[in-house]
1. Could you list, in sequence order, the residues of segment 221-232 that are open to solvent by 20 Å² or more (accessible area, probe 1.4 Å), among the hydrophobic types (A, V, I, L, M, F, W, C) and either in contact with a Pro (Cβ under 6 Å, 6 or more places away or on another chain) or within 17 Å of Q171 (Cβ to Cβ) (or both)?
2. Pairs only if they're at least six apart or on different chains, beta carbon under 9 angstrom, first in segment 180-191 and within 13 Å of R205 (Cα to Cα), second small (G, A, S); list them, first residue then second.
3. Testing Y79 on (1) more than 30 Å from K230 (Cα to Cα); (2) free of Cβ contacts under 8 Å to residues at least 24 places away in the same chain, one condition comes back false. Which one is that?
4. When you scan segment 186-199, do you find a residue that is open to solvent by 60 Å² or more (accessible area, probe 1.4 Å), modelled with pLDDT of 95 or more and among the small types (G, A, S), even just one?
5. Of all residues in segment 390-399, which are among the aliphatic types (A, V, I, L, M) and either farther than 23 Å from A21 by Cβ or open to solvent by 70 Å² or more (accessible area, probe 1.4 Å) (or both)?
6. With the structure loaded, tell me whether D196 is in contact with a Ser or Thr (Cβ under 8 Å, 6 or more places away or on another chain) and of a type in the set (D, E) or whether it fails that test.
7. Is one or more of the residues making up segment 174-181 open to solvent by 40 Å² or more (accessible area, probe 1.4 Å) and farther than 30 Å from R76 by Cβ?
8. Which condition breaks for L246 when tested against (1) among the hydrophobic types (A, V, I, L, M, F, W, C); (2) touching a Lys or Arg at 6+ places or on another chain (Cβ under 6 Å); (3) farther than 23 Å from Y37 by Cβ?
Amino acid sequence: MTSTFHGLEVGKRSLYTQQAALTTAGHNISNANTPGYSRQRVNMQATSPITYPYQTGSTSSQLGTGVSVQSIERIRSEYLDGQYRERNSMLGSESMKLDTLEQIEALSGEPGENGLSASLDRFWSAWEDLASNPDSTAARAVVVGRAEELLDQAKSFNKGLTSLTDSLVKQEAAVQNEISSISSQIESLNKQISKDGNANDLMDRRDLLKDQLSGLVRTVDGEVVGGKLKGIQESITLTKNMQSDLNEMFNTLISGKDATSPGGEVGGLNDLMESGFSLIRNADGTMQQGKPLFTTAGNGLEGISINSDVKANPSTIGASSKNDTISNGDIASSISDLKNKTFTFTLAGSTDSVTTNVNDYYSTLITRLASNAQSSERTVSNHESVLQSIDNNRMSVSGVSLDEEMANLVQFQHAYNAAARYISTTDEILDVIINRMGV
């Protein structure tokens, strides 16, 4: 026969279990809007039964002893978590690239009157005017002015790219610090969780940090393959390549790399100007050799400047092929024809080269930039859409439903009240046995 107090123990266990379920439901409701929170569920199981012999025979059965809390688990899908973080990593990388491409587009000023394409057109037009009016000092002054405008525009673009690169380098350092900080927090949480495998709230905090970390970096075998850090690294390469291509264009324009010439190093603007004759007379009455329009120091745009002699006196421009008193515009015409002359350009970050004219080469750079930006924009939009879908699926699994929790509250409250009523009934039975069955 079981103990008289067996019923009290069964009731007590029920009270404790239903109270745990009520508290868990309340915890879920409290954190319905907490970022990264996963709803929790109390898993109940029947406690071990005891042998209960029948009074009328030798056979016996088992008598239940109530209920207990087996575990309090959080509802979470590791598969969806993995999908979310992988996609978030892709989005973090591509979003950074898109932002960089859009900034480069803004720096270029294309299309528009403030872009380098328009400056190039005005530069060639000035040489065409000089070819028609080789003795005109006004036309020569316009050539110098257009050259300054072109160079200033290019340098402004180049300087903007340098500033963008510097900014990206600083962002890279900041992101690496953030990655280090989050990784340290995750490591600290791992140590705390290892002490208690059911630390649900700590595991939620860790998963939220993992979500944040996935947007910053994703590594495979120690190599960065995704996240904002990857996007920054690729963006730095993008800006540097654009600078190299821009420098290549001006170096080629000035020094000349004629794709149709076996030597490959003739036909540049400076060479043509120095082969012509200016409006400055020598002592014997002949015309002086023309001076180069640009001076260079190194291979970069920052080392290119307008020749101070030409800037001070545009008459030094060698626009004529004759050194006698009758000038012509042959050299100026040849320079204006450089607009359509083909050169060989080497593309940065590639082993490929392009054979085309200066204007088309620059148009190719801008077109490629715009195409990459559009492609990146579509990719970002796709990643955002897929990521939102994955997150919605995650929330359907681990998110808190207030309607469901309210229904649970009613269910557990009724169970708690019933357990309390059962204890009261058992107490009344005990009262009869103790107080009313005595002599």
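1. Answer for segment 221-232, where residues must be open to solvent by 20 Å² or more (accessible area, probe 1.4 Å), among the hydrophobic types (A, V, I, L, M, F, W, C) and either in contact with a Pro (Cβ under 6 Å, 6 or more places away or on another chain) or within 17 Å of Q171 (Cβ to Cβ) (or both): just V224.
2. What qualifies is L189/A199.
3. (1)
4. The answer is no, given that none of the residues of segment 186-199 is open to solvent by 60 Å² or more (accessible area, probe 1.4 Å), modelled with pLDDT of 95 or more and among the small types (G, A, S).
5. I390, M395
6. When the stated conditions are applied, D196 does not pass them.
7. Within segment 174-181 (the criterion being open to solvent by 40 Å² or more (accessible area, probe 1.4 Å) and farther than 30 Å from R76 by Cβ), the answer is yes, since at least one residue qualifies.
8. Condition (2) is where L246 drops out.
The values are calculated or read from the model by the stated rules, or taken from the named source; none is laboratory data. The model shown is predicted, which means the values in this text are computed figures rather than measured ones. A quick note on method: Cβ atoms are made from the backbone with ideal geometry, for glycine too, and the neighbour counts reach across all protein chains shown. Each accessible area value is taken on the protein alone, full model and side chains, heavy atoms only, with ligands, DNA and RNA left out. Shrake-Rupley method; radii C 1.70, N 1.55, O 1.52, S 1.80 Å.
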